Amino acid sequence: MLVLVAPGQGAQTPGFLTPWLDLPGAADRVAAWSDAIGLDLAHYGTHADADEIRDTAVAQPLLVAAGLLSAAALGPRTAFGAVAGHSVGEITAAAYAGVLSDADALSFVRTRGLGMAEAAAVTETGMAAVLGGDPDVVVAHLEKLGLTPANINGAGQIVAAGTAEQIAALVAEKPEGTMKVVALKVAGAFHTHHMAPAVTTLEKAAEALAPADPALKYVSNKDGQVVATGADVVARLVGQVANPVRWDLCMETFGELGVTGIIELSPGGTLTGLAKRALKGVPSVALKTPDDLDKAAALIAEHAA
C-alpha cells in the first residue's frame, strides 16, 4: 500500500517552486491561486529570500500550492491507499483526498497563515527540534522549562515550542541523553496555546466550507486515527493549530495499514527522512523537484503491478 504525505512549515527553501512552474499548466494554476488569495505565490516561490518565505502568512499557502502542483503530476489518486499531512500539510492532504477543493484549500490556508502570524506577533516565540534521547525524559524536561512538545515526530525527534526565553533555556540546557537542539525556520510557537486566537479565526472560516468525505484513508496527525468524514477532517484542521502534532502516531498507523511505499509531496525530504528511521525497509520517494517524478512513477507502477 502506497501512502502519500505532505510536509509542514519549515520545509520551504528559497526558489523551491521554480522547477515546478515549468510543468504544463502549472504557471497558470499558480497565477489563478495567487489572484484568488491575494498573494503572489510565483514570486515568493521563485525570487523571495529565506526571511521572506519564513513569514507564516507566506510560507503556509506556498507549501500547499507546491504540494498540490506535485500531487497533480503524480496522476490518479487511486494509486494511493492513504494520505496524511504534517501540520499545514494536512490541508494539502485534505485537498488530495477530495475533502476540500483546491480553491477552498488555498483560501483556508491563507486564512490560517494570516491568523497564526497575527497570534505569533503577540509574544516572541519559536520552535526547536530536540534530537535523540528517551521521549519521556525529553517531554519531562520540556515541561520543566515551560515548553510544549508541539510535534512528537517519532524516529528520535520532538519539537519544542514556547517563548524565545524558554527556547534559549532549552538550547543552554538540553535534555539528558539527547544529541542536539536545532532551532527551526518558523516564526512562532505553533501547535500550542499561543495559537488559540487563530483557532477562533479558523472556526469562522470553516463555516464557509462544504467538505466531502475522504475518498481514501485520511490519517489525522491529531492522534494517528483514520478519519471517515469530511466534517471531522475540517474540525481537526481547525483545532490542530493549537494542539500538538503526533506524527509518530501517524507512522504507527501507516505500519498497521501495511504501508509498502511512501511518496512525499514537494518540498519533500523531511517526512521521508523520518520514515526511513521509523519504518525501516519501506521504500520512499521525496519530490524535491520534477526530476523525482520518474522515481515516484516507478514506485507507483511497482505497486500497480
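The values are calculated or read from the model by the stated rules, or taken from the named source; none is laboratory data. The model shown is predicted, which means the values in this text are computed figures rather than measured ones. All Cβ positions, even for glycine, are placed from backbone atoms using ideal geometry, and neighbour counts span all protein chains on display. In case anyone asks, the SASA skips ligands and DNA or RNA and just uses the protein heavy atoms, side chains included. Shrake-Rupley method; radii C 1.70, N 1.55, O 1.52, S 1.80 Å.
Annotations for the structure displayed:
- Which of His191, His43 is most accessible, then next, and so on - probe 1.4 Å: His43, His191
- For Gly261, distant residues with modelled amide H under 5 Å away: Val3
- Taking amide hydrogens as placed 1.01 Å from N in the peptide plane, the amide H of Val99 sits under 5 Å from those of Ala215, each at least 5 positions away in sequence or on another chain.
- Order of exposure, largest accessible area first, which applies to Arg277, Arg246, Arg236 with probe 1.4 Å: Arg277, Arg246, Arg236
- Look at where the Cα atoms of the stretch 45-84 and of the stretch 132-198 average out, and the two centres are 25 Å apart.
- Given 12 as the ceiling on other Cβ atoms within 10 Å, longest exposed-site-free region of the chain for GluC sites (Glu not before Pro) in DSSP loops: 1-172
- Diffusion coefficient, µm² s⁻¹, Stokes-Einstein with Kirkwood Rh over alpha-carbon pairs of the chain at 20 °C and 1.002 mPa s: 112 µm²/s
- Where the chain is the region considered: accessible area per residue in Å², 1.4 Å probe: 40 Å²
- In the stretch 107-223, the ratio of gyration radius to Kirkwood radius, Rg to Rh, stands at 1.04 when only Cα atoms are counted.
- Solvent-accessible surface of protein heavy atoms, probed at 1.4 angstrom with all chains present, puts Tyr218, Tyr96, Tyr44 in the order Tyr44, Tyr96, Tyr218, largest first.
- Fraction of beta bridges assigned by DSSP in the chain that are antiparallel (%, nearest 5): 55 percent
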